[in-house]
1. Name the residue, out of ALA34, ALA53, that is modelled with pLDDT of 90 or more and more than 25 Å from PRO11 (Cα to Cα).
2. Wholly within the stretch 1-91, which helices (runs of 4 or more DSSP H) include no fewer than the required count, namely at least 2 residues that are of a type in the set (A, V, I, L, M) and buried (at least 17 other Cβ atoms within 10 Å of the Cβ)?
3. I'm told ALA98 meets every condition in (1) out of contact with any strand residue (DSSP E or B) (no Cβ under 9 Å at 6 or more places or on another chain); (2) at pLDDT below 95; (3) of a type in the set (A, V, I, L, M, F, W, C); (4) farther than 16 Å from LEU6 by Cα except one. Can you identify the failing condition by its number?
4. Of all residues in the stretch 124-136, count the ones that are modelled with pLDDT of 90 or more and not aromatic (Phe, Trp, Tyr).
5. Determine whether HIS99 is of a type outside the set (Val, Ile, Thr), surrounded by 14 or more Cβ atoms within 10 Å (Cβ to Cβ) and under 17 Å from the mean Cα position of the chain (by Cα).
Amino acid sequence: MTLEPLLSAKPVIIFHVIAATTALTLGIAQLSGAKGTRLHRALGWSWVLTMAAVAISSFWIHGMKQFGNFSWIHGLSIFVLVMLTVAVTAARRHRVSAHRKTMIGLFIGALVITGLFTLVPGRLMHEVVFSSAAAR
């Protein structure tokens, strides 16, 4: 593993990766902890804001151009922003089951599965995770 490719990337990519890694960490803590507590609410708001930062920052990343400067990932970012709103609204209306399903779905789909796609050969995170500084 080497951080060199990431540290050489554009600032928006570095921000995006830090935000995604933070969201992943917060999400694991959130899913592991007690629900309905003050800590759950604080971590939840932190996670929502961090996920919004991940989604919004993606609009300034144009590595995969399929539709002009955009790709299917940008569609996912719009979906994430909408579903974050849906999940927060569900929580505020005490629709716990809808809130839980939406948040778990976002965590698995927008972070875990999408994160795994960043590890395919040719992508920056593949180079970070599977390369070594000595091999360069």
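The values are calculated or read from the model by the stated rules, or taken from the named source; none is laboratory data. Not measured: the values here are computed from a predicted model. In this analysis, Cβ positions are derived from the backbone assuming ideal geometry, glycine residues included, and neighbour counts consider all displayed protein chains.
1. Values: ALA53 fails: more than 25 Å from PRO11 (Cα to Cα).
Going through ALA34, ALA53 in turn, the sole match is ALA34.
2. Working: elements: 4-7, 11-32, 38-57.
Counting at least 2 such residues, we get 11-32, 38-57.
3. The number of the failed condition is (2).
4. The qualifying residues number 6.
5. Details: of a type outside the set (Val, Ile, Thr): yes; surrounded by 14 or more Cβ atoms within 10 Å (Cβ to Cβ): yes; under 17 Å from the mean Cα position of the chain (by Cα): no.
No; evaluated as a whole, the condition is false for this residue.
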